[in-house]
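Some notes on the structure that comes next.
The values are calculated or read from the model by the stated rules, or taken from the named source; none is laboratory data. The structure presented is a predicted model; accordingly, all values stated were derived computationally and were not measured. Every residue, glycine as well, gets a Cβ built from its backbone with ideal geometry; the counts of neighbours run over all protein chains shown.
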Amino acid sequence: MINGTFPFYCASGGGKWYACDSGTRFTGCCRRDPCETGCSPDNRLPAYFYPDRYEMLPDLECSEGEYFICSQNAFFGCCRSNACAMSGESGGCPVADLGIIILSSKPTTAQYYIPENYNQTLDISSLSPQSGNAISSTLSPSGAAAILHNSFPKAISIALVIVLLATLTSCWLLLSSIWRNLQPRRSAPRKLLAERSATNIQWPSHH
């Protein structure tokens, strides 16, 4: 049993994580069960991993593309282009370039890619047996793993926008108040002043 949580999750698009220890030995994210017939290019999805697990994951082999495990953008898998070339969420392998990862026949290597071998899981109810002894995991960006990868930066961005709008509103109200205070007070209409002055005139009395 491996100490910790399962380190992989799938990009959005309805795919699941598979590690087929029989049949095709497909490893990675697919929209359909790939353990008997494989995963066609239009059903493949990028897979990602927790960057803090980078050093513990042993390399696998590819039947298509070149193997990548990128600390820059957390991409994991086989790709026909350089998946590590770009950092952040914009990095990784384009879907059209995704290759096929083959699960190792060595149990000591394969164990790291099967969710049930970990003593902690993000959502144990999402793990179910597939063809052979494959395990599928719905660790997608709608799950807790993706909150760390996608949702958290977006939440920070939204919070910053809200704070910025509140700051701008406060500044506008403050400037409006200062502007009003700086404006000269309007004097009473001249006609009214004249009428008031007339009432104060003491006219000479005629005796």
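Between residues in the stretch 90-119 that are more than 17 Å from residue 40 (Cα to Cα) and without any contact (Cβ under 8 Å) to a residue 60 or more places away in the chain and residues that are in a helix (DSSP H, G or I) and among the aliphatic types (A, V, I, L, M), which pairs lie under 9 Å by C-beta distance while being six or more apart or on different chains?
104/110
From (1) surrounded by 18 or more Cβ atoms within 10 Å (Cβ to Cβ); (2) more than 23 Å from the chain's Cα centre (by Cα); (3) part of a strand (DSSP E or B), pick out the condition that doesn't hold for residue 76.
In the conditions (1) surrounded by 18 or more Cβ atoms within 10 Å (Cβ to Cβ); (2) more than 23 Å from the chain's Cα centre (by Cα); (3) part of a strand (DSSP E or B), residue 76 misses (2) alone.
Of everything in the stretch 79-93 that's in a loop (DSSP other than H, G, I, E, B) and at pLDDT 85 or above, which residue is farthest from residue 63 (Cα to Cα)?
85
Among the candidates 42, 33, 59, which residue alone is touching a residue at least 40 places away in the same chain (Cβ under 8 Å) and farther than 14 Å from residue 10 by Cα?
33
Being touching a residue at least 24 places away in the same chain (Cβ under 8 Å) and of a type in the set (Ser, Thr, Tyr) is the requirement here; does residue 71 meet it?
Against the criterion (touching a residue at least 24 places away in the same chain (Cβ under 8 Å) and of a type in the set (Ser, Thr, Tyr)), residue 71 does not qualify.
With the requirement that a residue be of a type in the set (A, V, I, L, M) and either closer than 19 Å to residue 91 by Cβ or surrounded by 15 or more Cβ atoms within 10 Å (Cβ to Cβ) (or both), what does the stretch 53-73 give you?
Scanning the stretch 53-73 gives 57, 60, 69.
Going by the conditions given, is residue 124 at pLDDT below 90 and either acidic (Asp, Glu) or touching a helix residue (DSSP H, G or I) at 6+ places or on another chain (Cβ under 6 Å) (or both)?
In short, no.
Does residue 34 satisfy being of a type outside the set (Phe, Trp, Tyr) and modelled with pLDDT of 95 or more?
yes
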